[in-house]
Amino acid sequence: MSGLFRLVLEERPYSTVQEIVDVIPVEPNANSSFSFTCHHELRLEDCVVRAGEVLTILLLEQQEGREPRLRCRVEGRQGASSEVLLPISCCGQFYEHKNSHAYSLRTIVAKPRLLNRHFYHLSAKVSGGPFRISPIYQVQAIMHLRKNVVNFPSSLEVDVVDVTEQSRDITFVTPLTLAEVMSQPQQSFPTMAEVLEGLEAKPLLKCHWSKGLQKGQQLVLHGCRDSAMVLASTLPGKRAQQHFLISLRYGGRLRLRPREFAAVYELHVAARRMPGLTVTASKHSETLEEGLNSLSAGDQLEVLRSQTVELPGDGRKQVTEVLVCRRLLEADEDEDEDEDEEKSEEVYLPMYLEGPFVEKIKDKKKYSLANMIQRFALPLDVKVATRDTDLQSDPLADFPALRLKEAVMEPVVVASLPSKPLECFELPSRWLKLALCLSEDPLPWAKRPPPKVCCETVIELTEAFYYEFHKLSGECDAPPPLPPKRPVEPLKQTSRTTAKDKKKSPLCHSGSPHTEMHALKLSAENVSKRPPPPPLPPAPESSDKAPAVIPRKVSLVGAAPPSNTYSRTPHQKNRAKSSDEDYEVIDKNMRKAQESIMFY
């Protein structure tokens, strides 16, 4: 309940003026008043107040060295005697006469005498008779290793034991998150801190110091700031991709590297961020629509603009979005020197036309990361030309290329380990769930002025954290357009197949070898549909003479067989016989039979 309340007049006496002061505010406003009467005569220093006169309180006067006095106005009097001063120690029997003063809940609770009185609400919307206001108190307390304040209501029945003497050595610490550490004043840094709750089992960062942020670890907090960073990744390839957060204070030098675009739509997106983009087509690409151009390997293109064009279709015009490029044509060697300049022509490429395209870069300068972000629009493909000498091991120098995707501003807490106080690292306060408590332990460099520290500028990210970070901080581009759909002409079937047969046979798919062999089956219907055979050649002219008859072979039965055509082995006539040679003499009849069999 809120609003203003007014006292209900009661016939109860006040024994002193002090009791009246305890009921009313010290300085009542002009719109409210508190009046009372005295049932007996009051003799003051300079005047006398008769019994029954009405006194209206004006204000309470307090002067140093004197007793506080209540200035009142005597109703019905004029002139100097109309105001009197009553000491608060003045005794008597005082009764309320009229009370138009309004009280708030805060005022009623602050004055103990008002808690025993009845009030009614000034608002007409609040109905009901007089009521008494009784506050319910709460005890606020803090617990060890708890940062929230605990409220105990007065109606809670608990047994409380005073352990103050036994707990004097306990120091109540309040856990702080990294975001709460960021809100600390800069004058409180550098300071020592202790880790009360370490990182999760699966860390979000692949850093050498992330494994050491466990419970009980001491840290040196150097300060807080907003660090400008760039989200970068290695190019996809055979090796797994790696992701980094690179601070703009990175000391290495970078050089631009040609980007590769898979389709014309990617050229359109890149040209919006970096006008004047020039690329080279890596392979031949052909469009099937009339009015659009094709590309050959080696064509150099300068992206100009995007527009919509109307293409002729099957009886109707089709509107599509194209990318207008200038194709650079080199002049022939036979032409004059005056005409040696490059010729060009405009080509219209559909957004869905595939590449790949390779960016043509003429800038070979080396830039720092901060200058490159200011000079060029992201995303960019770069190569580390000069490593950062402030880092013991620059993790970016070994990669053939890096893709700078987007620039972010990240609130961080600069910290270091007590064993290496000069090697600092940055803790992203929005992403790391870490609970710390500030301590009063001495700093590693004691009372000397803080030395110059070196802060780590490259943070490697895990795969899961990279996609979560990129989803919250990056912009999602629209998907590339799809090529137009073309009507597919149905294939003519060479044999009749019912729908029931197609459902029964899972192997009968259109275009499969089984279907082609099935179409080759012979049937009476297929044979009837075949074209007639070609006519026979004309018969030769007939003659009266009979054709020549081939003579038959002569029968050899009963006749002597012809002589053997095989030649015999020549023998030397003058050769002398030797006893060492023992040849078997073949009978003439046997030789004759053998020759006859061979001839047959």
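The values are calculated or read from the model by the stated rules, or taken from the named source; none is laboratory data. Treat the numbers as computed from the prediction; the structure is a model and nothing was measured. Note that each Cβ is placed from the backbone with ideal geometry, even for glycine, and that neighbours are counted across all protein chains shown.
Restricting attention to the stretch 277-310, the residues that are more than 17 Å from VAL358 (Cα to Cα) and touching a helix residue (DSSP H, G or I) at 6+ places or on another chain (Cβ under 6 Å) add up to 1. Return yes or no: is HIS97 in contact (Cβ under 8 Å) with a residue 60 or more places away in the chain, surrounded by 13 or more Cβ atoms within 10 Å (Cβ to Cβ) and touching a Lys or Arg at 6+ places or on another chain (Cβ under 6 Å)? So HIS97 fails the test. Number of residues in the stretch 387-407 that are farther than 21 Å from PRO258 by Cα and either without any contact (Cβ under 8 Å) to a residue 40 or more places away in the chain or in contact with a Cys (Cβ under 9 Å, 6 or more places away or on another chain) (or both) equals 4.
Applying the condition of being of a type in the set (A, V, I, L, M, F, W, C) and surrounded by 12 or more Cβ atoms within 10 Å (Cβ to Cβ) to the stretch 194-209 and asking which residue is nearest to the chain's Cα centre (by Cα) yields LEU204. Every listed requirement among (1) under 30 Å from PRO418 (Cβ atoms); (2) in contact with a helix residue (DSSP H, G or I) (Cβ under 9 Å, 6 or more places away or on another chain); (3) not in a strand (DSSP E or B) is met by CYS207 save one, (2). Report whether or not VAL279 is closer than 14 Å to TYR348 by Cα, touching a Leu at 6+ places or on another chain (Cβ under 6 Å), in the same structural domain as PRO350 (by TED's automatic domain parsing) and among the β-branched types (Val, Ile, Thr). No; evaluated as a whole, the condition is false for this residue. Within the bounds of the stretch 208-227, is there any residue that is in contact with a Gly (Cβ under 7 Å, 6 or more places away or on another chain) and in contact (Cβ under 8 Å) with a residue 24 or more places away in the chain? Yes.
Given the criterion over 24 Å from the mean Cα position of the chain (by Cα) and within 22 Å of VAL150 (Cβ to Cβ), identify the matching residue among THR177, THR171, THR191. Among THR177, THR171, THR191, only THR171 is over 24 Å from the mean Cα position of the chain (by Cα) and within 22 Å of VAL150 (Cβ to Cβ).
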